1. Whether any residue in region 84-96 is acidic (Asp, Glu) and either farther than 21 Å from residue 124 by Cα or touching a Lys or Arg at 6+ places or on another chain (Cβ under 8 Å) (or both) is what I want to check.
2. Looking at this structure, is residue 51 in contact with a Ser or Thr (Cβ under 6 Å, 6 or more places away or on another chain), of a type in the set (Val, Ile, Thr) and modelled with pLDDT of 95 or more?
3. Quick check: is even one residue across region 105-121 closer than 18 Å to residue 19 by Cα, open to solvent by 50 Å² or more (accessible area, probe 1.4 Å) and more than 15 Å from the chain's Cα centre (by Cα)?
4. Look through 73, 45 and report the one residue that is touching a residue at least 60 places away in the same chain (Cβ under 8 Å) and open to solvent by less than 70 Å² (accessible area, probe 1.4 Å).
5. Take residue 50 and tell me if it is closer than 21 Å to residue 14 by Cα, touching a residue at least 24 places away in the same chain (Cβ under 8 Å) and either touching an Asp or Glu at 6+ places or on another chain (Cβ under 7 Å) or open to solvent by 80 Å² or more (accessible area, probe 1.4 Å) (or both).
6. Under 9 Å by Cβ, and 6 or more places apart or on different chains, what pairs join a residue from region 124-146 that is under 19 Å from residue 73 (Cα atoms) with one that is open to solvent by less than 50 Å² (accessible area, probe 1.4 Å) and in a helix (DSSP H, G or I)?
7. Is it the case that some residue within region 55-68 is modelled with pLDDT under 95, open to solvent by less than 50 Å² (accessible area, probe 1.4 Å) and not basic (Lys, Arg)?
8. Within region 19-37, how many residues are open to solvent by 10 Å² or more (accessible area, probe 1.4 Å) and touching a residue at least 24 places away in the same chain (Cβ under 8 Å)?
Amino acid sequence: MCGIVGYVGHRDATDILLEGLRRLEYRGYDSSGIAIQNEDGVLVRKKVGRVSELAALVNMKPVSGSIGIGHTRWATHGGITDENSHPHLGGNGEVVVVHNGVIENYSLLKEKLTALGFVFRSSTDTEVVAHLIAHHLEEQIRLGAD
């Protein structure tokens, strides 16, 4: 299980996401993370441990914006590390993914994406999805599709 929360609005998303993750912590408690979009791009904070550990990291390295997503993790693929915590970025950071479930064919997809030059920073199936989406977005742009 995992817990997922998102926010799009006029208020700062950080505190809203952290509170949502606290409420969902029973669904995943080995790590948590948030991704916030603002004028600087997408900023990610993620940490092994309870949501309180993530909140402490956010206090040390603040992030703010009015669009964001958060995730609490119960590990299925990859060990319990900061790198394996969600959210995961795809491509050059233009895609952000959190995920609850298992991608059965992730190793085959990872091989293909690695051959295309994608660099993986975690050992999760979710990062594969982030890179796969980024790859298809790049293809659509290259082909001039709307």
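1. To start, the set of residues in region 84-96 that are acidic (Asp, Glu) comprises 94.
Pick out the ones that are also either farther than 21 Å from residue 124 by Cα or touching a Lys or Arg at 6+ places or on another chain (Cβ under 8 Å) (or both) and you get none.
No: zero hits.
2. In short, yes.
3. Scanning region 105-121, I find no residue that is closer than 18 Å to residue 19 by Cα, open to solvent by 50 Å² or more (accessible area, probe 1.4 Å) and more than 15 Å from the chain's Cα centre (by Cα), so the answer is no.
4. Details: 45 fails: touching a residue at least 60 places away in the same chain (Cβ under 8 Å).
The match here is 73.
5. Values: closer than 21 Å to residue 14 by Cα: yes; touching a residue at least 24 places away in the same chain (Cβ under 8 Å): yes; either touching an Asp or Glu at 6+ places or on another chain (Cβ under 7 Å) or open to solvent by 80 Å² or more (accessible area, probe 1.4 Å) (or both): yes.
Answer is yes for this residue.
6. Once the first residue is under 19 Å from residue 73 (Cα atoms) and sits in region 124-146, its partners that are open to solvent by less than 50 Å² (accessible area, probe 1.4 Å) and in a helix (DSSP H, G or I) give 125/109; 128/109; 128/113; 129/109.
7. The initial filter retains those residues of region 55-68 that are modelled with pLDDT under 95, namely none.
Among the residues of region 55-68, not one is modelled with pLDDT under 95, open to solvent by less than 50 Å² (accessible area, probe 1.4 Å) and not basic (Lys, Arg), which makes the answer no.
8. Of the residues in region 19-37, the ones open to solvent by 10 Å² or more (accessible area, probe 1.4 Å) are 19-20, 22-27, 29-30, 37.
Keeping just the survivors that are touching a residue at least 24 places away in the same chain (Cβ under 8 Å) gives 20, 22, 24-25, 27, 29-30, 37.
Count: 8.
The values are calculated or read from the model by the stated rules, or taken from the named source; none is laboratory data. From a predicted model like this one, the values you see are computed outputs, not experimental measurements. Every residue, glycine among them, receives a Cβ derived from its backbone with ideal geometry; neighbour counts consider all protein chains shown. Just so you know, the surface numbers come from the protein's heavy atoms only, side chains and all, with ligands and any DNA or RNA stripped out. Shrake-Rupley method; radii C 1.70, N 1.55, O 1.52, S 1.80 Å.
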